[in-house]
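The values are calculated or read from the model by the stated rules, or taken from the named source; none is laboratory data. The shown structure was predicted, so the numbers you read here are calculated from the model rather than taken from an experiment. Every residue, glycine as well, gets a Cβ built from its backbone with ideal geometry; the counts of neighbours run over all protein chains shown.
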Amino acid sequence: MAIPAVILLGLSKGGFAGIGVIALPLMALAISPVQAAAITLPILIVQDVVSVWAFRHSRDGAILRLMLPSAAIGIFAGFALAALVEPDAVGLAVGLISVVFGLQRLWLERAAAGPTGPPVEGRWPWRGVLAGIAAGFTSQVSHAGGPPFQMYVIPKRLARESFIGTSAIFYCVVNWMKVPAYLALGQFNRESLTTAAVLLPLAIVATYAGVWLVRRVPGESFYRVIYVLLILVGAKLVWDGAVGLWA
């Protein structure tokens, strides 16, 4: 389970944003979700280095300045409320919103060839703040920080490499901000760190493979691919959340 999970994480870090969320449920088929999260976080941090380096010249500083401080608030809230928040309920809510959002964006693409008008951030910067808080919170609680980030950034229609570079830097910083919380919760141990070290070579190769593949996706098709991935990831979160709450 760990091998396909790490490959999916690599493709996600390489630019196919979203599909990495499937990695944790895959590993949870063999070990506990908490242990799976502790194994994958060090891997994600190393993969972040590869993706940030590959797209280091492409980023939107305004988005990062708006969303990263907000994400820190969300991470702290997720840590503080860890004993009170039901991760399955959070995953279900994020999944439903992701599916609706992805379907709406695909419909707009087909009906009007993409969004028009001034940038969203220029009109409603508070949306970026809320999206950052949601991304940090859901990343800490249910490891699903991607959809809230994408739902704010996708309508801006950044160039493909700018979108990937901004995403890479955002997730890199968020993952480092989660480390103190994981340490405080005692989720890192010798076994999880050793397992992560064994998987690292495959993780790095998979990330480079993702970078190579995403640069060969036609620019006009890139966002359609991201929309579809967002819908699929949202559906997976809905399924996991519903099954978990039912159980």
(message) Let me confirm something: among Ile169, Ile204, which residue is β-branched (Val, Ile, Thr) and under 18 Å from Gly61 (Cα atoms)?
(response) Ile169
(request) Return the pairs, sorted by first residue and then second, in which the second residue is outside any loop (DSSP other than H, G, I, E, B), the first residue lies in segment 53-66 and is over 15 Å from Cys172 (Cβ atoms), the beta carbons are less than 6 Å apart, and the residues are 6+ apart or on different chains. (result) Leu66/Gly128
(request) Report whether or not Val6 is under 16 Å from the mean Cα position of the chain (by Cα), surrounded by 17 or more Cβ atoms within 10 Å (Cβ to Cβ), at pLDDT below 75 and assigned to a helix (DSSP H, G or I). (result) no
(message) Suppose we keep only residues that are closer than 23 Å to Arg215 by Cβ and among the small types (Gly, Ala, Ser) within segment 153-187. Which one would you say is surrounded by the fewest Cβ atoms within 10 Å (Cβ to Cβ)?
(response) Ala159
(request) Working only within segment 157-192, note down all residues that are within 14 Å of Phe222 (Cα to Cα) and basic (Lys, Arg). (result) Arg157, Arg160
(request) Return yes or no: is Trp239 farther than 24 Å from Pro42 by Cβ and either touching a Pro at 6+ places or on another chain (Cβ under 8 Å) or modelled with pLDDT of 85 or more (or both)? (result) yes
(message) Only one of Gly241, Gly234 is under 16 Å from Phe16 (Cβ atoms) and buried (at least 17 other Cβ atoms within 10 Å of the Cβ). Can you tell me which?
(response) Gly234
(request) Scan segment 66-107 for residues that are among the basic types (Lys, Arg) and within 15 Å of the chain's Cα centre (by Cα) and jot them down. (result) none
(message) Of all residues being modelled with pLDDT of 90 or more and of a type in the set (Ser, Thr, Tyr) in segment 180-206, which is farthest from the chain's Cα centre (by Cα)? Just the residue, please.
(response) Thr194
(request) Given the conditions (1) under 17 Å from Gln47 (Cα atoms); (2) among the hydrophobic types (A, V, I, L, M, F, W, C); (3) modelled with pLDDT under 90, report the number of the one that Met177 does not fulfil. (result) (3)
(request) Determine whether Arg216 is of a type in the set (Lys, Arg), modelled with pLDDT under 85, assigned to a helix (DSSP H, G or I) and more than 16 Å from the chain's Cα centre (by Cα). (result) no
(request) Could you identify the single residue in Arg110, Arg127 that is more than 17 Å from the chain's Cα centre (by Cα), modelled with pLDDT of 85 or more and of a type in the set (Lys, Arg)? (result) Arg127
(message) Test of understanding: among Ala144, Ala168, which residue is under 12 Å from the mean Cα position of the chain (by Cα), outside any helix (DSSP H, G or I) and among the hydrophobic types (A, V, I, L, M, F, W, C)?
(response) Ala144
